[in-house]
Amino acid sequence: MQRIIKDGRIIDETWHTLAKDATLEGMSNCDDLIVPLALWRDHAHALKARDGGLGVWLDADEEIEEIADQLEHFQVIALNFPAFTDGRHSSTAYLLRQRYGYQGEVRAIGDVLRDQLFALRRCGFDAFALREDRDPEDALKAFDDFAEVYQASSDQPLPLFRRRA
Amino acid sequence: MYVYDEYDQRIVEDRVKQFRDQTRRYLAGELSGEEYRPLRLQNGLYIQRYAPMLRIAVPYGLLSSRQVRKLAQIARDYDKGYAHISTRQNVQFNWPALEDVPEILAELATVQMHAIQTSGNCIRNTTTDQFAGVARDERVDPRPWCEIIRQWSTFHPEFAHLPRKFKIAVNGSAQDRAAIEVHDIGLEALHNEAGELGFRVSVGGGLGRTPIVGSFINEFLPWRHLLSYLEAILRVYNRYGRRDNKYKARIKILVKALTPEVFAERVHAEWAHLEDGPLTLTDAEVQRVSQHFIDPAYKALDDQDDALAHLDAEHPGFARWRSRNVVAHKKPGYAAVTLSLKPTGAAPGDITDKQLDALADLADRYSFGEVRNSHEQNIILADVEQAQLFTLWGELREAGFATPNVGLLTDVICCPGGDFCSLANAKSIPVAEAIQRRFDDLDYLFDIGDLDLNISGCMNACGHHHVGHIGILGVDKKGQEFYQVSLGGDAGREASLAQILGPSFAQDEMADVIDRIIKVYVENRTEDERFLDTFRRVGIDPFKERVYAANH
C-alpha cells in the first residue's frame with residue numbers, strides 16, 4: 001500500500017486515483033475515488049450518487065476555475081505535476097485556498113519530490129503522494145528547510161514586512 | 001546599503017544548509033543529475049565546458065568593501081585567482097569544484113551574500129542604474145524598491161518553477177541606464193502631477209532569441225501596490241506562459257500572443273483580488289528599507305572645475321580619463337568614477353583577486369567603503385571627492401583600472417562565450433580582443449566617441465548584442481564559428497533593437513568588418529553626431545555596401 005504525507009505525517013493511502021481515461025464502467029460504489037476532471041465533467045450526477053468518497057484531479061493544463069463553484073462535492077482535490085519543474089499548480093493551490101476558500105485536502109500527485117515540498121506546502125498543499133521510488137520518511141525533512149519566509153501565502157497570511165519585530 | 005537583520009541572515013543560512021544537503025544527496029547518488037540540475041541552477045551553479053560556474057548574486061550591483069574582500073579570498077582559495085562581472089551586475093567564478101560550492105556559499109553568508117536565484121526558471125537578480133542614489137538626473141532612488149522586490153522574490157513559493165527565467169529592472173532617472181524596456185518587467189519610478197510616488201510598468205521586453213521592446217501596461221501604479229501588482233503579473237505568467245517550448249516560454253511571447261492590451265486586462269482582473277490586501281506596502285517598511293540608502297556623510301564641498309581643468313591641461317592622460325570615466329554627482333565637489341574592466345588583452349569584465357583586494361582598499365579610502373557593478377561589466381566608485389580625483393587616477397593606473405574607454409568602442413560588453421560557456425556557439429572574448437587591438441589608437445577611439453559594442457557567443461544574448469549600437473552574435477555554420485553583425489540597437493529610453501547587416505563573417509574578418517563600419521560612420525557623420533544618430537539618419541545601406549563591397 002502506498003503511503004502519503006498528510007499534514008506533515010505519513011499515513012496509509014486509502015484513496016484510489018483513477019487514470020485520465022477512466023470511465024464509469026465497473027466503478028466501485030464504496031471506494032474513495034479521485035477521478036479525472038473529464039469524468040467529473042461528463043458524469044457529475046452519477047459520481048455524486050455514489051456512496052464512497054469523491055475527489056477530483058486536475059492535470060497541469062486544467063484550470064481550477066472550471067470547478068470553482070462545485071468544490072463542495074470534493075473531499076480531495078489532487079493536482080498533477082507532470083514534471084516537478086512545472087509550477088502551474090502552485091498557483092492553483094494558492095487560488096483554491098485563498099480565493100475559493102477550499103477547506104478539503106489539496107494533494108500533490110505526479111512527479112512530487114522532496115525538494116519541492118516546502119514551497120508547495122506554503123502554497124496550500126496539505127497532502128503529498130510522492131513519486132513511488134521515493135521515501136516519504138526522508139521527504140518529511142523538507143518541511144524544516146527554512147525557519148523564516150518573506151512572503152505571505154496560504155500558510156502565512158502576512159508577509160514578513162508586516163511581522164518584523 | 002542594505003544590512004541584513006536576523007531574519008534575512010537566517011534565510012540565507014538556511015539556504016546554505018539546504019543546498020549543502022542537496023549537493024550531498026547528489027554526490028551520494030540519491031538525486032539524479034536531472035533532478036539536481038534545477039536545484040543547482042536556482043543557486044547559480046552551472047556545469048560548464050571545463051568546470052562548474054558559480055554565479056553569485058550582487059543585488060542591484062551594490063557591494064561593500066568587506067564583501068569585495070571576501071570575493072577576492074574566494075577567487076584565491078577556490079578559483080584560479082579571478083572573478084568575472086556579468087551583464088546582470090552579478091559576479092561569476094569559472095573554476096570552483098562542485099564539492100566546494102556549499103563551503104563557498106557558507107563563506108558568502110558570513111558577509112551577507114548568496115547565490116539565490118541567479119539562474120533557473122525563477123525571478124532573477126533585480127537590476128538598476130549603476131549611478132543610483134548619486135546621479136544628477138535621478139528623480140527617485142531605485143535602490144529601496146529593488147531591495148523590497150528582492151525580499152518579495154526570494155524563495156517566493158508560488159513562483160519557484162516559472163515557464164522560464166524572469167528579470168526585473170528598476171530605473172529612477174531621466175536617462176534609463178537600467179535598460180528597463182528590454183526586461184520581463186521594467187519599472188520606472190516617478191512622481192505624478194500630484195507629487196505622489198509610483199511606477200510606470202512595462203512588461204514583455206527581452207533579448208534572447210526573440211528580442212522585443214516591452215509594452216507599458218500601467219502608466220502610474222501607486223507605490224503601495226507595487227508587490228501586489230508584481231504578484232498579479234507573475235501569477236498570470238505562471239499559469240498561462242507557454243511550457244511546451246523553452247524558446248517560446250518567456251513572458252514576452254505570452255504578452256505578444258495575447259496582445260499587451262489583453263495581457264493587461266488579465267493582470268488587472270487578477271490584481272483586483274489582491275488590491276489593498278496584506279501585500280500592500282506600508283510606510284513603516286519603505287522607511288525601514290530606505291534608511292539603509294540615505295546619503296553617506298558627505299562633506300560640504302564646492303565643485304573643483306578650475307582646479308581640474310588646470311590638471312587636465314598639465315596631464316592629457318588625466319584629461320582623457322576624466323572625460324570618459326568620471327561623471328557628475330548630485331553633490332557639489334563629488335564625482336562618480338568608473339573603473340574600466342576592459343583593458344586590451346584581458347577578458348571583458350574579468351578582475352583578479354589582487355585587483356579585488358585593491359578595489360576594496362580604494363573603496364574604503366575614497367568612496368565610503370562601497371562599490372557598484374554595472375551591467376556594462378565595469379565597477380563604479382560612486383562617491384569620490386573631486387579634489388582626490390588626481391591621486392585616485394594614479395592609484396587606478398597602478399591597479400589596471402584606468403583604461404580611459406568607458407562608453408567607447410573598446411568598452412565591449414561581452415559574454416564569456418565559447419571559451420567557458422557550454423551554451424555558446426562561438427567564442428566571444430577573442431573577437432573583443434581583436435577589435436580592441438585594431439582600435440588601439442586612443443585619439444581615433446576618442447574621435448569615434450560614444451559607441452556600445454556588444455558581443456554574445458550565442459542567441460541567449462548574455463552580451464546584449466540586440467541593443468548594441470554595433471552587435472555581434474556568434475553563430476554556428478556547419479560546425480564553424482561565424483559572427484553575425486547588427487547595427488542600431490540601443491538599450492536606453494525609447495530602446496531600439498539592432499538590424500542585421502547581412503551574411504555572417506569568419507572570426508579573423510571581424511576587426512576589418514568593424515573597421516569598415518566605423519569608416520562609414522566617420523565619413524557620414526555631421527559634427528558631434530554619435531554613431532547611433534548617424535546610423536538612424538543614413539540607415540543601414542551605406543554600411544552594407546561598404547562591408548560587402550566586392551573588392552575587399
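Read the figures in this text as sums done on the coordinates, not as results from a lab. Bear in mind that the values here come from a model prediction, so they are computed numbers and not experimental data. FYI the Cβ positions are ideal-geometry reconstructions off the backbone, even for glycines, and counts take in every protein chain you see.
Just a few scattered comments:
- Database note for chain B: Cys without another Cys beta carbon under 4.7 angstrom, B:C122, B:C146, B:C414, B:C421, B:C458.
- A full extension of the chain between B:L258 and B:E395 corresponds to an added length of 43.9 nm, given 0.36 nm per residue minus the alpha carbon distance.
- Ranking of B:V431, B:V58, B:V538, B:V255 by count of other Cβ atoms within 10 Å, fewest first: B:V538, B:V58, B:V431, B:V255
- Averaging the Cα positions of each part gives two centres, and for segment B:379-417 and segment B:148-173 these lie 31 Å apart.
- Think of the protein assembly as shown as a dipole: +1 on every Lys or Arg Cβ, -1 on every Asp or Glu Cβ, centred on the Cα centre; then among B:G186, B:F420, B:S119, B:F420 lies furthest on the positive end.
- Spin-label proximity, B:R242 to segment B:200-220 - amide N less than 20 Å from point 7 Å beyond Cα toward beta carbon: B:203-215
- What the pair-distance distribution of the protein assembly as shown shows, using all Cα-Cα distances binned every 10 Å from zero, is 3, 14, 23, 25, 18, 10, 5, 2, 0, 0 percent.
- Convex hull volume of the Cα atoms of segment B:273-363, normalised per residue: 220 Å³.
- For segment B:135-292, the alpha-carbon coordinates run over 44, 34, 28 Å along the three principal axes, in decreasing order.
- Across all directions, the shadow cast by the convex hull of segment A:3-162 built on its C-alpha atoms averages 9.6 square nanometres.
- Dipole magnitude of segment B:135-292, debye to nearest 20 (Cβ charges: Lys/Arg +1, Asp/Glu -1, about Cα centre): 1080
- For the residues of A:142-153, the average number of beta carbons from a partner chain within 10 Å of their own beta carbon is 6.
- Most fluctuating residue given options A:F74, A:F84, A:F146, as computed from a GNM of chain A linking Cα atoms under 10 Å: A:F146
- Exposure proxy ranking, count of Cβ atoms within 10 Å, fewest first, for B:C415, B:C458, A:C30: A:C30, B:C458, B:C415
- Length-normalised contact order for chain B - Cα pairs under 8 Å, 6+ apart - percent: 12
- Across all Cα pairs in segment B:413-547, the calculated P(r) in 5 Å bins from zero up to the longest distance comes to 2, 11, 21, 25, 21, 13, 5, 2, 0 percent per bin.
- Under the combined filter of DSSP loop state and at most 10 neighbouring Cβ atoms within 10 Å, segment B:470-528 retains these trypsin sites (Lys or Arg not before Pro): B:K478.
- In chain B, a dipole from Cβ-located charges (positive for Lys and Arg, negative for Asp and Glu) runs towards its positive end, and of B:L532, B:F482, B:F220 it is B:F482 whose Cα lies farthest in that direction.
- Exposure proxy ranking, count of Cβ atoms within 10 Å, fewest first, for A:L140, B:L532, B:L27: B:L27, A:L140, B:L532
- Percent of beta bridges antiparallel (DSSP, the protein assembly as shown, rounded to nearest 5): 65
- Volume of the Cα convex hull of chain B, divided per residue and given in Å³: 160
- Relative to the dominant Cα principal axis of chain A, helix A:37-48 is inclined by about 60°.
- Taking label points 7 Å from Cα along the Cα-to-Cβ direction, B:D303 and B:N460 give a separation of 4.5 nm.
- About the centre of its Cα atoms, chain B shows a dipole size close to 1940 debye [charges on the beta carbon of Lys, Arg (+1) and Asp, Glu (-1) only; nearest 20 debye].
- Dipole magnitude for the protein assembly as shown: about 700 debye, using +1 per Lys or Arg Cβ and -1 per Asp or Glu Cβ, origin at the Cα centre.
- Label-point separation in nm, B:S323 to B:I500, each point 7 Å along Cα→Cβ: 3.8
- Per-residue [θ]222 nm for the protein assembly as shown (sum of -39500 (n - 2.57) over DSSP H runs n ≥ 4, rounded to 500): -9500 deg cm²/dmol
- Chain A, relative contact order [Cα under 8 Å, separation at least 6], %: 19
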